[in-house]
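Take a look at the structure set out below.
The values are calculated or read from the model by the stated rules, or taken from the named source; none is laboratory data. The structure displayed is predicted, hence computed values, not measured ones. All Cβ positions, even for glycine, are placed from backbone atoms using ideal geometry, and neighbour counts span all protein chains on display.
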Amino acid sequence: MEPIQIILLLIIVLVGVGMIYTLVSSKTRARKSRALSVISGNAGENVKSGGKDNKDKRRADLAKKLKESEDPNKKTNKGGIKDLLMQAGFAKVPVWRFWLFALIFGTLMTLFVKFVWGMSGIGLVLVSITLYLGVPRFILKFIVKRRQKKFLKEFPDALEAMMRLLKAGMPIGEAIAMVAREFEGPVSEEMQRVYDEQKVGIPLGEAVIGVAHRVPLPEVQMFATGIAIQQQTGSSLSGILQNLSDVIRARFRLRRKVDALSSEAKASAGIIGSLPVLVALGMYFVNRDYIMVLFSDGQHLLVGCGVWMTLGILVMRQMINFKV
């Protein structure tokens with residue numbers, strides 16, 4: 001490969017990576033901004049306007065602590081491997097074990113690409129970097145999203161069960177333990193952890209804030225904020241849980257409506273994104289010698305196409321991924 005081709009390929013890759021990073025970082029900032037707006041509510045405004053009510057001041061102090069815990073400038077970034085392992089339910093798995101898995105996976109897949117596909121040169125280097133650093137992290141984030149989705153599916157029922165137990169006169173600690181026994185999956189794991197932390201002397205407000213760190217969803221942030229404020233002000237916890245359950249179910253209905261309205265755009269994006277791969281696959285079966293020239297002599301073109309295809313897919317995903 002000529003030096004000018006290598007330079008152009010590196011420029012294309014750097015531009016693509018920069019645009020992908022910009023999209024991902026903007027999405028992360030927007031998500032954190034929504035979470036902080038849910039956490040703070042009107043408490044911060046009450047303090048700025050000089051409100052003298054002690055309850056409002058306590059709410060503001062609590063919201064400030066929660067904001068500080070969500071500060072993106074802290075070293076404990078939510079996107080770190082340790083935090084992702086915790087959010088995926090693998091809190092006891094050390095980070096070095098994840099990197100060992102990434103090393104084994106990247107080595108095996110690189111050998112497969114080299115000896116089966118015959119790829120070499122700068123294309124093999126870029127593919128190897130993606131296999132070592134990108135794919136394992138993508139798999140971990142996929143596990144995190146699946147766990148959060150499962151948690152959110154059972155969370156409203158858990159809140160209603162907790163609310164009914166509180167109305168029946170059961171203490172909040174025993175209600176949490178009952179929910180942990182009756183439910184399964186991430187809800188059971190998190191509620192059991194809250195109950196265990198209470199038994200060793202950790203306040204309930206801090207325990208539920210820990211749940212919001214391990215399951216960074218707006219609904220869980222609202223739950224943690226409601227519990228913490230209730231511990232500070234002594235308001236009706238059953239009413240808070242009932243209102244929160246209604247809000248979550250309303251968000252579910254709105255999300256399903258948005259999914260139904262955007263289904264056509266998602267189907268179109270899926271067809272557009274898969275069309276080049278399907279055409280190349282069809283060409284392979286129709287005229288194999290014609291398409292194999294691209295794999296043997298045009299590997300740098302494949303790498304560039306892969307980068308820009310990935311960028312196009314991410315752009316289309318941002319356009320059709322509506323947040324509720």
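State yes or no: is R214 among the charged types (D, E, K, R), touching a residue at least 40 places away in the same chain (Cβ under 8 Å), crowded, with 17+ Cβ neighbours inside 10 Å and within 17 Å of Q148 (Cα to Cα)?
Spelling it out, R214 is indeed among the charged types (D, E, K, R), touching a residue at least 40 places away in the same chain (Cβ under 8 Å), crowded, with 17+ Cβ neighbours inside 10 Å and within 17 Å of Q148 (Cα to Cα).
Across segment 272-294, what is the number of residues that are surrounded by 10 or more Cβ atoms within 10 Å (Cβ to Cβ) and either part of a loop (DSSP other than H, G, I, E, B) or out of contact with any Phe, Trp or Tyr (no Cβ under 7 Å at 6 or more places or on another chain) (or both)?
Here the count works out to 16.
Take the conditions of a type outside the set (A, V, I, L, M, F, W, C) and more than 30 Å from R253 (Cβ to Cβ) and apply them to D157. Does it pass?
no
Return the residues of segment 125-146 that are of a type outside the set (S, T, Y) and free of Cβ contacts under 8 Å to residues at least 40 places away in the same chain; say none if nothing qualifies.
Correct list: V125, I129, L131, L133, G134, V135, P136, F138, I139, F142, K145, R146.
What is the number of the single condition among (1) more than 23 Å from the chain's Cα centre (by Cα); (2) modelled with pLDDT under 85; (3) not charged (D, E, K, R) that A269 does not meet?
Result: A269 passes all but (1).
Enumerate the pairs (first residue in segment 107-118 and more than 16 Å from Q299 (Cβ to Cβ); second residue anywhere and surrounded by 12 or more Cβ atoms within 10 Å (Cβ to Cβ) and at pLDDT below 85) with beta-carbon separation below 6 Å, excluding pairs fewer than 6 apart on the same chain, so at least 6 apart or on different chains.
These pairs meet every condition: M109/L131.
Hey, among Q242, Q230, which residue is in a helix (DSSP H, G or I), more than 25 Å from the chain's Cα centre (by Cα) and under 14 Å from D157 (Cβ atoms)?
Q242
For segment 168-206, enumerate the residues that are within 20 Å of L84 (Cα to Cα) and either in contact with a strand residue (DSSP E or B) (Cβ under 6 Å, 6 or more places away or on another chain) or in contact (Cβ under 8 Å) with a residue 40 or more places away in the chain (or both).
The answer is P186, E189.
Of these, E197, E206, E219, which one is crowded, with 19+ Cβ neighbours inside 10 Å and either of a type in the set (D, E, K, R) or closer than 20 Å to R181 by Cα (or both)?
E219
For I209, which of the numbered conditions (1) touching a residue at least 24 places away in the same chain (Cβ under 8 Å); (2) within 15 Å of the chain's Cα centre (by Cα) fails to hold?
So I209 meets the others, but not (2).
Quick check: anything in segment 75-96 over 26 Å from K149 (Cβ atoms), at pLDDT below 80, out of contact with any Cys (no Cβ under 6 Å at 6 or more places or on another chain) and not in a helix (DSSP H, G or I)?
So far as segment 75-96 goes, yes, one or more of its residues are over 26 Å from K149 (Cβ atoms), at pLDDT below 80, out of contact with any Cys (no Cβ under 6 Å at 6 or more places or on another chain) and not in a helix (DSSP H, G or I).
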